């Protein structure tokens with residue numbers, strides 16, 4: 001396996017420099033296209049152990065994810081991310097009538113059963129497929145990227161036979177496939193699981209599709225696990241997309 005020498009965790013100074021200049025407007029617009037009042041979340045440094053000074057108390061208390069409610073503008077999103085300098089940034093894929101009702105609800109942390117689907121405040125969840133060639137702590141090489149890209153190409157072709165609004169995001173290591181068809185938001189957990197199992201790809205993280213993992217990495221933000229930016233990819237150019245050989249990479253605007 002060819003190990004990529006430039007794949008490494010971002011330093012705190014690199015995180016800060018990135019969030020001072022990143023496209024908060026594009027990131028906010030992506031999340032708002034899912035829900036009119038998006039909910040964001042940050043992982044401060046659970047995997048790398050790199051946390052902004054003064055915030056170590058969160059890890060000591062075992063707090064892995066901090067949800068950010070009431071972020072109503074790109075400017076506010078940038079301010080929050082500069083405050084936390086997170087390892088990872090997510091948006092909540094759930095669509096609800098009133099996000100404020102979810103603030104004190106512990107069910108959103110339950111990863112075993114997507115209990116939110118049975119809540120009267122729940123309207124739906126974005127359908128997503130997570131293709132990751134390695135798990136946390138495993139070494140990542142160029143052949144892993146190629147495997148993930150090939151799997152994503154196959155899955156996109158299969159999903160386009162059933163859905164019309166399919167988009168792809170490079171997560172910084174693997175790929176996320178997002179389905180924007182209105183009917184897809186209303187699928188039950190069992191139907192979501194069945195769709196994922198029918199696709200039958202070993203790189204698929206089925207709990208993400210099933211709904212028990214309701215967060216998705218926010219495009220245009222930094223994946224500080226590997227010091228790479230999560231970017232949307234034009235599916236028509238996906239077969240040529242290669243962030244490790246920039247002359248051939250093809251991101252969508």
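Values in this text are rule-based calculations from the coordinates and carry no lab data. Keep in mind that this is a model prediction, so the values were computed, not measured. Glycine gets a Cβ as well: all are built from the backbone with ideal geometry, and neighbour counts include every protein chain shown.
What nm distance separates the two modelled labels at residue 106 and residue 8, each placed 7 Å from Cα along Cα→Cβ?
4.2
Sort the range 116-164 into rounded, prolate or oblate with this rule: let a ≥ b ≥ c be the square roots of the eigenvalues of the Cα gyration tensor; rounded if a/c is under 1.5, and if a/c is not under 1.5, prolate when a/b is larger than b/c, oblate otherwise.
Values: a/c = 6.00, a/b = 1.58, b/c = 3.79.
Judged from the Cα gyration tensor, the range 116-164 comes out oblate (a/c at least 1.5, b/c at or above a/b).
Once every Cα of the range 44-166 carries one equal point scatterer and solvent is ignored, give the base-10 log of I(q)/I(0) from the Debye formula at q = 0.14 Å⁻¹, two decimals.
-0.95
Expressed in nm², what is the orientationally averaged projection area of the convex hull enclosing the Cα positions of the range 138-232? Kindly include the intermediate steps, with their values, before the conclusion.
Numbers: hull surface 25.1 nm².
Result: a mean projected hull area of 6.3 nm².
Between residue 66 and residue 142, take the C-beta separation as r, use R0 = 30 Å, and let me know the FRET efficiency to the nearest 0.05.
So the FRET efficiency works out to roughly 0.35.
What ranking, highest mean first, results for peptides 126-134, 95-103 when packing means the other Cβ atoms within 10 Å averaged over each residue?
Working: 126-134: 21.9, 95-103: 15.0.
Those peptides, ordered most packed to least, come out 126-134, 95-103.
Packing-wise, with mean Cβ within 10 Å as the measure, how do 63-72, 166-175 rank, highest first?
Ranking the peptides 63-72, 166-175 by packing returns 166-175, 63-72.
Can you give me the pair-distance distribution of the range 1-80, C-alpha pairs, 5 Å bins, whole percents?
Percent of Cα pairs in each bin: 3, 12, 19, 19, 19, 15, 8, 3, 1.
Quick check on the exposure proxy: order 30, 92 from fewest to most C-beta atoms within 10 angstrom.
Details: 30 22, 92 25.
Sorted ascending by nearby Cβ count, the order is 30, 92.
Semi-axes, largest first, in whole Å: what does sqrt of 5 times each Cα gyration tensor eigenvalue give for the chain? All intermediate terms of the calculation are to be shown ahead of the outcome.
Values: eigenvalues 125, 123, 58 Å².
Each semi-axis is the square root of five times an eigenvalue, giving 25, 25, 17 Å.
Taking the Cβ-Cβ separation of residue 17 and residue 47 as r and a Förster radius of 22 Å, what is the calculated FRET efficiency to the nearest 0.05?
Once the sixth-power term is evaluated, E becomes 0.60.
Given the rule -39500 (n - 2.57) for each run of at least 4 DSSP H residues, summed and divided by the residues of the chain, what is its mean residue ellipticity at 222 nm, to the nearest 500 deg cm²/dmol? Could you put the intermediate results ahead of the total?
Numbers: 8 runs with 75 residues, N = 253.
Here the helix-only value at 222 nm equals -8500 deg cm²/dmol.
Relative contact order for the chain: what percent, with Cα pairs under 8 Å and sequence separation of 6 or more?
Relative contact order for the chain comes out at 24 percent.
If I model a spin label at residue 122 and residue 198 as a point 7 Å from the Cα along the Cα→Cβ vector, what separation in nanometres do I get?
2.1
Restricting to Cα pairs below 8 Å that are 6+ residues apart, what does the relative contact order work out to for the range 52-189? Please round to a whole percent.
21
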